[in-house]
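All remarks here apply to the structure that follows.
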Amino acid sequence: MPESLANGLSRPRVRFAPSPTGFLHVGSARTFIFNWLYARHHGGSMILRLDDTDVERNTQASVDSIFDGLKWLNLGWDEEYKQSERIELHRKTAWTIFEKGLAYRDFTPAHTGEAEKSGAQGTWLFNPGARELSAAESDRRAAAGEPFALRFRVPREGGQLIRFADAVYGEQMKAAADIEDFALLRSDGMPTYHLASCADDADLRISHIIRGQDHLTNTFKHVLIFEAAGFTPPQFAHLPLLVAPDGTKLSKRRHGPVVSVTTYRDAGFLSEAFINFLCLLGWSPKNDRENMSLQELTDLFSLEGINRSNAVVNFKEPATTPEETFDPKAVWLNAEHIRGLPVEELSARLLPIVQGEGFDVSPEKMLRITPLIRERIKLLRDVLTTADFFFVDQLPPYDPAELIPQKGDAAMASKVLTRAREVLANVEFKHDPLDHALRAAAQELGVKAGQMFQPIRVAVCGRKNAPPLFETLEVLGRETTLARIEQALQKAGVVVG
Ligand code: GLU
């Protein structure tokens, strides 16, 4: 139960409980984030619990992917548990329920023999022979070593309704008689998810269970377990599903890498932007703001702001560019967060990407390049295509026709570049002197400033669409600039010739 504060309010304890049977799904990341925001907003505790009792489906690769993804989100947690280390506690809870007469041993192999089924769907409910076995007979067969599953004795008489209030989906109820006698312990003695989850949630004093909507129907069973074991059920808040543009549930099998958290990291999302994006999938603050810092998200987060309808993640199938792989809102938010970062920090995040591609760029140089490109990149990896000409020794080949200024010709390109070579051999490589010298040269040659700048820009960057010219020249320096103009003159010669 929540810890009480002096003011009568309580500090919530929430948990994220992934099963390590796959990679970290964006939906799971959202569950983590919503729990974290709830905990931080209310000064409570965030608990990470690895639901790793399904030994057949667990993999180390999945554990790694979960920790990789969470590490990137960089939000942290306060306590960490492994469900597999708590099996004795789960068993104890199961036997407490058994001793109260609320569970029974079922010696029949799963779902065989004479069975009770529910209404029209005919779902298996229980085997009467097993449910009604006398205590003496049950004890005798168990003592003889016969394997059994331990099943919850779901109340079937009296038309009992199981109820709970979900903070998102409202009042929920279901006839107990429609719930099957689900297992608490399997015949190999291992706890089921339902049992282990409830036993742990009770023991860890979880106050709020915030998890995916796909667990909404499990919750009736969980309410039964909590009550049978003598615990007050926590508050529940189920989160709407994430769906693809065609309305189908987001899945790796159908939708590929867009569903995995590390795909966003590797494509150059800032974790802050990714968190911001995920928050908008199924939650919105009262004022409908979109671009929010972590602090703002923490301040504004509330369970009341979560809506019930499925949240659509938009992307193009098949995507032809890295950008199309992602929801345009995610990309837009990323660009916004990039612009909001202090230059030093952005530079520090770009540097490993550039160095990772094998370019030998110093932190000092990166810090000079960063302000020139930060308005021009949407994903961090765009630095490789936007600022490439700062990193390479040799520009990749470009079309010499690009050197020709607007309303000019090849002869004008040659004339401009020849004069630029002279001017740039002597001028100080600082913004203002470069600006004055090149404008003066344009006047002398009788060309417009733009006609002067374009051939120089293409000569040093290899394309027309590039960051501001004088700042670019400053960073490139005299030697590289002159060498590239020289090469451009040879290319222009080809055009003229
Ligand atoms: N291990 C469960 C899952 O990954 C946890 C569900 C829950 O939060 O109770 O779906």
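The table below lists the values:
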item: Cα centroid separation, the range 38-65 to the range 269-311 (Å); result: 22
item: Cβ-based charge dipole, the chain, positive-most Cα from LEU224, LEU280, GLY122; result: LEU280
item: Net charge over other residues, Cβ less than 13 angstrom from the Cβ of SER187 (K, R count +1; D, E count -1); result: +1
item: FRET E, pair GLU357, ARG57, Förster distance 35 Å, beta-carbon r, rounded to 0.05; result: 0.40
item: Residue order, fewest to most beta carbons within 10 Å, for LYS221, LYS252; result: LYS252, LYS221
item: Value at 222 nm in deg cm²/dmol, rounded to 500, when DSSP H runs of n ≥ 4 in the chain each add -39,500 (n - 2.57); result: -13500 deg cm²/dmol
item: Relative contact order (%) - the range 207-342, alpha-carbon pairs under 8 angstrom, separation at least six; result: 26
item: The range 1-95: relative contact order in percent, alpha carbon pairs under 8 Å with at least 6 residues between; result: 31
item: Cβ-based charge dipole, the range 53-175, positive-most Cα from THR93, ALA143, VAL55; result: ALA143
item: Unit charges at the beta carbon, dipole of the range 357-406: most positive-side option, GLY358, ALA401, ILE369; result: ILE369
item: Inter-part distance where the range 151-169 and the range 196-268 are each reduced to a Cα centre, Å; result: 19
item: Cut-off under 5 Å, modelled amide H: who pairs with ARG13 long-range; result: SER45, SER207, HIS208
item: Proxy reagent accessibility, fewest Cβ within 10 Å first, across LYS491, LYS365; result: LYS365, LYS491
item: Integer Hz, Karplus 6.51/-1.76/1.60 couplings in order for the range 14-31, x for Gly and Pro; result: 10, 9, 10, 10, x, 9, x, 10, x, 7, 6, 7, 4, x, 5, 4, 4, 4
item: Derived scalar couplings ³J(HN,Hα) [the range 129-138; Karplus, 6.51 cos²θ - 1.76 cosθ + 1.60; whole Hz; x for Gly, Pro]; result: x, 6, 5, 9, 4, 5, 4, 5, 5, 4
item: Unit charges on C-beta of K, R, D, E only; dipole of the chain, Debye; result: 660
item: Cα centroid separation - the range 437-493 against the range 324-344, whole Å; result: 31
item: Residues whose placed amide H lies under 5 Å from that of ASP52, excluding near-sequence neighbours; result: GLN83, SER84
item: Table column - 3J(HN,Hα) (Hz), the range 435-442, Karplus curve with 6.51, -1.76, 1.60, x for Gly and Pro; result: 4, 4, 5, 6, 5, 4, 4, 4
item: Sequence-distant residues sharing a close amide H with ARG153 (under 5 Å, placed H); result: ALA103, TYR104
item: Set LYS329/LYS491; LYS92/LYS174; LYS329/LYS430; LYS286/LYS316; LYS378/LYS430 screened for pairs whose C-alpha atoms are more than 32 Å apart; result: LYS329/LYS491; LYS329/LYS430
item: Cα convex hull of the chain, projected area averaged across orientations, nm²; result: 31.5
item: Simple Cβ-charge dipole of the range 75-234, Lys/Arg +1 and Asp/Glu -1, about Cα centre, in debye nearest 20; result: 240
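No value in this document is a laboratory result; all are computed from the given coordinates. Computed from a predicted structure; not experimentally measured. With ideal geometry, Cβ positions are generated from the backbone for all residues, glycine too; neighbour counts draw on all protein chains shown.
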